[in-house]
Amino acid sequence: MQDTQVPLVPSPFPGGGREIRFKLVFYDGSRLDCREIFDPNSQIKELYEYYYDWFNADGVLLKKFHAHYHPNGTPVEITQYDPWHFHLKLNFADQHGDNRSSADPEGMTLQDVLKEIKGYIAIRQYDCRSEEQKVQKGRKKR
């Protein structure tokens, strides 16, 4: 796991906020690119916004988990999902996740996102067979 901390970078806060960026790489080769922005006005520096973007091992977008408000002037068909929303792919070529969907009204924690990803990876691992397993199975039928 790679963890890169970038203190006091520009943020939506007038006084600046601490932003942390890191990547989590999973055993199937997929990765979660994470960006978290913390409220500088909070006594406990609580998480204000997050952007968790999940890609497969080939760098193809799988899903985005976001919590943020879009800037003024953004069309209502986008802002209607603020602040917590998912970006889902319209098709395989869609690398932006142009299809948005509402998330739970309480949002998701990083642990919730990881739980969803873990379930997906477990299913894929269970359903996928290596070429060697396929060959061995074919030999047994002879």
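Convex hull volume of the Cα atoms in the stretch 80-122, per residue, in Å³?
Dividing the Cα hull volume of the stretch 80-122 by its residues yields 84 Å³.
I want to check the label-to-label distance for GLU116 and ASP98. Put each point 7 Å from Cα in the C-beta direction and report it in nm to one decimal.
About 2.1 nm separates the two model spin labels.
Quote to one decimal, in nm, the extra length available between HIS68 and LEU47 on full extension: 0.36 nm per residue of separation minus the C-alpha distance between them.
Between HIS68 and LEU47, full extension yields an extra 6.5 nm.
Just to be sure I understand the curve: with the Debye formula and one point per C-alpha of the stretch 24-67, what is log10 I(q)/I(0) at q = 0.15, 0.18, 0.19 Å⁻¹?
Per q value, in the given order, log10 I(q)/I(0) is -0.45, -0.57, -0.60.
Taking a quarter of the surface of the convex hull around the Cα atoms of the stretch 42-115, what do you get in nm²?
Averaging across all directions leaves 6.2 nm² for the Cα convex hull.
FYI, it's all coordinate maths here, none of it is from the lab. The shown structure was predicted, so the numbers you read here are calculated from the model rather than taken from an experiment. Note that we place each Cβ from the backbone using ideal geometry, even for glycine, and neighbour counts take in every protein chain shown.
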